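Colleague: My questions all concern the structure below.
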Amino acid sequence: MKRILAQCKKELAQFRRDRLTLALAFILPLMTLFIFGFAIRLEAKNITLIVQDFDRSNLSQSYTERLYATNQFTPVQWNGLDPVKDGIDRGITKAAVVIPPKFSADVVGGRSSTVQVLIDGTDVNNARVIKNSIQAFTNSFIQDQNLSQSPSQLSASIRLWFNPGRQESLYIVPGVFGVILAIYPSLLAALAMSREKEQGTILQTYASSISAAELLLGKCLAYFIVGIGQAFVVMGIGCAVWQLGFAGDPSPLFVGGALFLVASVMFGLFIGVRANNRSVAVQGVATAGFLLALLLSGFIYPLSNIPFPLSLVSNIVPARYFIEISRDAFVRGTGWSGVWIAPVLLAVLAFVLFNVSRRILGRMQLPG
């Protein structure tokens, strides 16, 4: 234990002396928090829309005004007669609504009338949002105007749980916590280990009596302490800026967060053990750590959308389990009953990474 603590003190002393490492530990995570927290928005807004009204009645004008009043669509100026050729083909608008002649007369008279909607399908997700939005608005408009001739006997009363205001920050920011804590503690640990190999000081360790396990645990303890500091700074500022609060029992976040930091640091040490210099270590963390945490953790895309066999890879991404814990702590609030398995899997991943790194280092040490 004394050797582990000595190794930890040595790492923390090196960490304090290196200003670049200090900046990497605290300034870059905050920059990532603000960029991701403010920039990533999944809900489409200000979608450009052209309405071509051949009817020009009070009803068609009301339809148009209320469509723009949803604040999801923005009118655009266009010249010409064909909304497809003069609007969508030229990239001026994402969608066009064509209201036919006799729209008002047909609707009021109980006859069918078809409003044509043309959507730019280049972005499939955006196209789906536009389609659903216009369809839902049209149904709402017909009901509000008492124009439906065959009222349904069954209606759905929809209520959103956990996030009734549909605040995207409640979904994005807890996920950003996971991505940041997956990247920076592992990057610092990878740099610390690869620096030993690059400067040749690792040879002294190989020839000393300290074991591979003690070396790894000492470095892990040092960067775990640094990671705790990063977590407090990033999550504290994130909660203050986006007004996040615990939705339920916070203990799963504390326990899962600590295990996640251990797994993250162990991943960085594993990369550092394999890399021969700091450039390779940075590339390894950026490629294997950042990309996996961003794309295969459920941060942006639902895990159910990840196709086989990539879905198998997502099972060994620690950020996946911490993001599940974080979103539960800040949004759902179900506590241990909903996320108990995530801390267990984080502990397993941390142990596997430690054991693999220990074996690699152990092969290089001189027999005692």
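The values are calculated or read from the model by the stated rules, or taken from the named source; none is laboratory data. Remember, it's a predicted structure, so these values are computed and weren't measured experimentally. Here the Cβ positions follow ideal geometry from the backbone for every residue, glycine too, while neighbour counts run over all protein chains shown. The accessibility values were calculated without ligands, DNA or RNA, using every heavy atom of the protein model including side chains. Shrake-Rupley method; radii C 1.70, N 1.55, O 1.52, S 1.80 Å.
Colleague: In the range 234-284, which residues are aliphatic (A, V, I, L, M) and under 18 Å from the mean Cα position of the chain (by Cα)?
Modeller: Just the residues of the range 234-284 that are aliphatic (A, V, I, L, M), to begin with: 234-235, 237, 240-241, 244, 247, 253, 255, 258-259, 261-263, 265-266, 269, 271, 273, 275, 280-282.
Residues satisfying the conditions are Val234, Met235, Ile237, Val241, Leu244, Leu253, Leu261.
Colleague: Right, next: Among what's in the range 186-228 and is in contact with a Lys or Arg (Cβ under 8 Å, 6 or more places away or on another chain) and acidic (Asp, Glu), pick the residue that is farthest from Arg274 (Cα to Cα).
Modeller: Per the stated criteria, the residue is Glu214.
Colleague: Give the residue, chosen from Val348, Val356, Val339, Val331, that is among the aliphatic types (A, V, I, L, M) and free of Cβ contacts under 8 Å to residues at least 40 places away in the same chain. Can you show your working first?
Modeller: On the way: Val356 fails: free of Cβ contacts under 8 Å to residues at least 40 places away in the same chain; Val339 fails: free of Cβ contacts under 8 Å to residues at least 40 places away in the same chain; Val331 fails: free of Cβ contacts under 8 Å to residues at least 40 places away in the same chain.
Only one candidate qualifies: Val348.
Colleague: Right, here's the next one. Select from the range 188-205 the residues that are surrounded by fewer than 24 Cβ atoms within 10 Å (Cβ to Cβ), part of a helix (DSSP H, G or I) and of a type in the set (S, T, N, Q) and list them in ascending order.
Modeller: Scanning the range 188-205 gives Gln199, Gln204, Thr205.
Colleague: Now, a different point. Out of everything in the range 298-339 that is charged (D, E, K, R) and open to solvent by 20 Å² or more (accessible area, probe 1.4 Å), what residue ends up being farthest from Ser169 (Cα to Cα)?
Modeller: Taking the range 298-339 first, the residues charged (D, E, K, R) are 320, 324, 327-328, 332.
Of the ones still in play, those that are also open to solvent by 20 Å² or more (accessible area, probe 1.4 Å) are 320, 324, 327, 332.
Values: Arg320: 18, Glu324: 15, Arg327: 11, Arg332: 14 Å.
Within the range 298-339, the match that is farthest from Ser169 (Cα to Cα) is Arg320.
Colleague: When the range 71-128 is examined, which residues are found to be among the charged types (D, E, K, R) and open to solvent by 50 Å² or more (accessible area, probe 1.4 Å)?
Modeller: The answer is Asp82, Lys85, Asp89, Arg90, Lys94, Lys102, Arg111, Asp123, Arg128.
Colleague: Quickly run through the range 260-284 and pick out the residues that are buried (at least 19 other Cβ atoms within 10 Å of the Cβ), over 20 Å from Gly333 (Cβ atoms) and of a type in the set (A, V, I, L, M, F, W, C). Talk me through it step by step, then tell me what you get.
Modeller: Restricting attention to the range 260-284, the residues satisfying the condition of being buried (at least 19 other Cβ atoms within 10 Å of the Cβ) are 260-273, 275, 281, 284.
Subsequent filtering for residues that are over 20 Å from Gly333 (Cβ atoms) retains 261-273, 275, 281, 284.
If the condition is that a residue be buried (at least 19 other Cβ atoms within 10 Å of the Cβ), over 20 Å from Gly333 (Cβ atoms) and of a type in the set (A, V, I, L, M, F, W, C), then Leu261, Val262, Ala263, Val265, Met266, Phe267, Leu269, Phe270, Ile271, Val273, Ala275, Ala281 are the ones that fit.
Colleague: I need the full set of residues from the range 340-361 which are open to solvent by less than 40 Å² (accessible area, probe 1.4 Å) and touching a Ser or Thr at 6+ places or on another chain (Cβ under 9 Å), in order please.
Modeller: If the condition is that a residue be open to solvent by less than 40 Å² (accessible area, probe 1.4 Å) and touching a Ser or Thr at 6+ places or on another chain (Cβ under 9 Å), then Ala350, Leu361 are the ones that fit.
Colleague: Among the residues of the range 171-187, count how many are over 11 Å from the mean Cα position of the chain (by Cα) and either open to solvent by 10 Å² or more (accessible area, probe 1.4 Å) or of a type in the set (Asp, Glu) (or both). Don't jump to the end; show me each part of the working.
Modeller: At the first step, the residues of the range 171-187 found to be over 11 Å from the mean Cα position of the chain (by Cα) are 181-187.
Next cut, either open to solvent by 10 Å² or more (accessible area, probe 1.4 Å) or of a type in the set (Asp, Glu) (or both) only: 182-184, 187.
So the count comes out to 4.
Colleague: Step by step: first the residues of the range 33-58, then only those that are assigned to a helix (DSSP H, G or I) and open to solvent by 20 Å² or more (accessible area, probe 1.4 Å), then the one that is modelled with the highest pLDDT. Which residue is that?
Modeller: The first filter runs over the range 33-58 and keeps only residues assigned to a helix (DSSP H, G or I), leaving 33-39, 58.
Then drop every residue that is not open to solvent by 20 Å² or more (accessible area, probe 1.4 Å), which leaves 34-36, 38-39, 58.
Details: Phe34: 78, Ile35: 75, Phe36: 72, Phe38: 73, Ala39: 66, Asn58: 88.
My answer is Asn58.
So that you can scan it fast, the table gives a plain yes or no per residue for (1) of a type outside the set (Asp, Glu); (2) over 30 Å from Ala286 (Cα atoms); (3) touching a Lys or Arg at 6+ places or on another chain (Cβ under 6 Å):
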{"site": "Gln14", "(1), (2), (3)": "yes, no, no"}
{"site": "Arg17", "(1), (2), (3)": "yes, no, no"}
{"site": "Leu22", "(1), (2), (3)": "yes, no, no"}
{"site": "Leu28", "(1), (2), (3)": "yes, no, no"}
{"site": "Met31", "(1), (2), (3)": "yes, no, no"}
{"site": "Asn46", "(1), (2), (3)": "yes, yes, no"}
{"site": "Glu65", "(1), (2), (3)": "no, yes, no"}
